[in-house]
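Notes follow once the structure below has been shown.
Here, each number is a calculation from the coordinates, and none is a lab measurement. Quick caveat, the model's predicted, so the values are computed rather than measured. With ideal geometry, Cβ positions are generated from the backbone for all residues, glycine too; neighbour counts draw on all protein chains shown.
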Amino acid sequence: MAVRPLPEVIGGAGRGYGRMVAHAQVVYDGLGLPREDGAVTVQLAPGVASVVRTSTMTEARSTYPDAQVVECGFAVSPPVVNAHTHLDLTTMSHTPGPYTGFIGAVVAHARGGHRGVTAAKLGVAELSAAGTRVIGDIVTDAATMEYLLGQDALTGVAYWEVFAPRPEDADAVFATTVQTLARFRALERRGGMRVGLSPHTPHTVSAPLLGRLAAYAAAERLPLAIHVAESPAELELHLRGSGALAESLARAGFAFAATGVRPVRYLHDLGVLAAGPTLVHGVHVDDDDARLLVRVGAVVVHCPRSNAALECGTFPWTLYAKHGVEVAFGTDSRGSSPDLDVTHDVAEALAVQGKKLNPRAALRAAVKGGYKALGMLPPRVVRGAPAADLVAWG
Ligand code: ZN
């Protein structure tokens, strides 16, 4: 379901003057709520295609009865956002299986020298082919960061990942991270990607370092993202200090003592939530967690195909909706997802959630939720705007 700019889909170039109506199951202009059975009426003039209005299809038919109708499939919307991926893992083969085994496969892939800028470039090409231009990417090496900050195909946030589970390393890692981020931020360009910060998870960054990194990100207005509450094993690790994740961390020399609280509550207690982070996955949460998230306006990035592949459980869409927590979509890496086309994750969520998720909420999350997850202003496509500000999902 690769998205394409609306003018490419409706055609009409060289037709001279006239109006066309783009019809889709859901239509969104970034204002208010998406419309089901919606329409975007486009005014054509030589070399120009501009938006006249978005409406229901019934209204478009009665207002412009002579306009040609073009079917645009699931949706017409501002550009979709892939709010969570790891482009430097693009050459990793899709590795389903429980979360803890997957982490071992990622480590082995990286040790083999396959994680880095060569893979990231392939990922950028794949995103471009899918029609994606706005992303949140987790970056683990300087060459990939420099490449992302210098390219023009994408915008969004390149989050610098910090992995430092040993409390005794906290001071040194904090100092290095601050220096590294300053160097990267000097490479930011207007309209290009911004630098962000991503402490890997609550259990792979020590408590003192997590607190300091979050405070630093808040003070510097750096976008912040963290993987949290992804697998059932992570919940068991926090509540009881047992299970597959506890065992694998101990084997790696990073034993993690039970916190006695759920992972989201742990982030709250450390002051991390106060920095307004974007939370990736957020599968294992309860009402208390959702209340903490809504209080700080945190956005949760949902990666449904990755969650299914890694046996992480079903995303609690209804719980988040009940509390008004903003949700976005991401593909996660090619290691846990068959491709980087985030529209496939929207389709997966609709299939998995069934009646619990309506297409309007899913579309809003994929667009507005995505921009909010990245700390960007969600676009609004008003009357007179170029039709190229919209994409058709096909
Ligand atoms: Zn991830």
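For the peptides 61-71, 191-201, 382-392, residues were scored by their other Cβ atoms within 10 Å and the scores averaged per peptide; the highest-first order is 191-201, 382-392, 61-71.
If you take the Cα centroid of segment 326-394 and the Cα centroid of segment 180-231, the two points sit 23 Å apart. For segment 102-112, 3J(HN,Hα) computed residue by residue from phi via the Karplus equation (6.51, -1.76, 1.60; θ = phi - 60°) reads 4, 4, x, 5, 5, 4, 5, 4, 5, 5, x Hz, glycine and proline entered as x. Longest span of the chain, sites excluded, free of chymotrypsin sites (Phe, Trp or Tyr not before Pro) in DSSP loop with at most 13 other C-beta atoms within 10 Å? Result, exposed sites excluded: 164-394. Relative contact order of the chain, taken over Cα pairs closer than 8 Å and 6 or more residues apart, is 24 percent. Taking 0.36 nm per residue of separation and subtracting the Cα-Cα distance, full extension of the segment from Ala153 to Val261 would add 34.7 nm.
Around the amide H of Val157, modelled in the peptide plane, lie the amide H atoms of Ile135, Gly136, Asp137, Arg194, all under 5 Å away and 5 or more residues distant in sequence or on another chain. With springs only between Cα atoms under 10 Å, which of Ser77, Ser306, Ser128 fluctuates most in a Gaussian network model of the chain? So, out of Ser77, Ser306, Ser128, the one fluctuating most is Ser128. Ordered by the number of other Cβ atoms lying within 10 Å of each residue's own Cβ, fewest first, Arg360, Arg189 fall into the sequence Arg189, Arg360.
Say we join alpha carbon atoms closer than 10 Å with springs in a Gaussian network model of the chain; which of Pro167, Pro96, Pro304 then has the biggest fluctuation? In the Gaussian network model the winner is Pro167. Working from label points 7 Å from Cα in the Cα-to-Cβ sense, the Glu36 to Leu319 distance is 2.6 nm. For segment 81-373, the square roots a ≥ b ≥ c of the C-alpha gyration tensor eigenvalues yield an a/c under 1.5, which makes the shape rounded. Straight-line reach from Lys355: taking Cα to Cα under 18 Å and skipping same-chain neighbours fewer than 8 places apart, the aspartates and glutamates in range are Glu36, Asp37, Asp345. Against the chain, whose longest principal axis is taken from its Cα atoms, helix 117-130 shows a tilt of about 30°.
The GNM of the chain, with springs linking C-alpha atoms under 10 angstrom apart, assigns the highest mean-square fluctuation among Glu326, Glu230, Glu247 to Glu247. Taking the DSSP bridge list for segment 81-373 and keeping only pairs wholly inside it, about 0 percent are antiparallel.
Under the simplified labelling scheme, the Ala388-Gln68 pair shows an inter-label distance of 2.0 nm, with each label point 7 Å from Cα along Cα→Cβ. So how tilted is helix 287-296 from the main axis of the chain? Cα-based, degrees 0 to 90, rounded to 10. Result, in degrees: 70. Would you mind pulling out the separation of the Cα centroids of segment 279-302 and segment 16-43, in Å? Here the two parts' Cα centres lie 32 Å apart. Taking 7 Å steps out from each Cα toward its Cβ at Glu188 and Leu377 produces label points 1.6 nm apart. On full extension, the segment bounded by Asp286 and Lys355 gains 22.8 nm, given 0.36 nm per residue less the C-alpha separation.
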